[in-house]
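Notes to accompany the following structure.
Please treat every number below as a calculation from the coordinates, not as lab data. As the structure is a prediction and not an experimental result, all values here were calculated from the model. Neighbour counts run over all protein chains shown; Cβ positions are idealised from the backbone, glycine included.
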Amino acid sequence: MLYIRELMSSSKPAKAKTQANLSQYSQTKRQQIVDGAIRVFLKYGYADTSMNRVAEESGVIKQTIYSHFSDKEGLFRAIIETLTLEHFRNEFGDNLSFEESPDVVLRRIGTVFMQRKDDPSYIALMRTVIGESARFPELARLYVNTVIGPAKQALSAYFAAQKQLQISEPEATARIYCGSIVSYIMTQEVLHGNEIIPFDSERFLNTLIAMVLGQKK
């Protein structure tokens, strides 16, 4: 009887360990699919990407992809999150800290944004979203809802909480700040502005922060 009780009690950790291993395996497999899908989407575009191609590139069967992602749009959403949101979450978590000073927060946000311009996969993602936006407007909406919308909302709330800045339009100011950086990256990296009208990113960011904070340069 004692042996049976010991056997049952010892099986619980083993079961928990097995579940943990399965969860880790599932996460690894999911990331494997996303990594393969990034290469396929950015090479062929949204229209010419098929689940068969993603499966072949990822080294999995098609059913495995559908077990992790409901459809192609869901898979593309995961790519957007991988190439954009994860970087912001690693830096800020799910919310901006209202306790940090505006110059620190704006510098951190700007730096995280600017790091994206040096990622070829992110630049290729922007080209894909823009290039496919006419035929697949849902991709542009997905990008706005997943990336631009939350960033604008978080920064708007932060500006509204910083009464010392006396910002009468927190949402408009957040749009101007985020939009200026996105425009800079698009102009310099997507539209080859670096070759035509080069401009130092640090100089750009310093000036933008000073303008938002009402400082004179």
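Here are the numbers:
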{"quantity": "Estimated inter-spin distance, R30 and S121, nm [label 7 Å along Cα→Cβ]", "calculated": "1.6"}
{"quantity": "For segment 147-156, 3J(HN,Hα) per residue [Karplus equation, 6.51 cos²θ - 1.76 cosθ + 1.60, θ = phi - 60°, Hz, x = Gly/Pro]", "calculated": "10, 5, x, x, 5, 4, 5, 5, 6, 4"}
{"quantity": "Stretchable slack from E81 to V190, in nm (0.36 nm times residue separation minus alpha-carbon distance)", "calculated": "37.3 nm"}
{"quantity": "For segment 102-201, with +1 on Lys and Arg beta carbons and -1 on Asp and Glu, the positive-most of Y143, P198, A161 along the dipole", "calculated": "A161"}
{"quantity": "Chain lengthening between R203 and V104 when straightened (0.36 nm per residue, less Cα-Cα)", "calculated": "34.0 nm"}
{"quantity": "Neighbour-count ranking [beta-carbon atoms within 10 angstrom, fewest first] of S201, S101", "calculated": "S101, S201"}
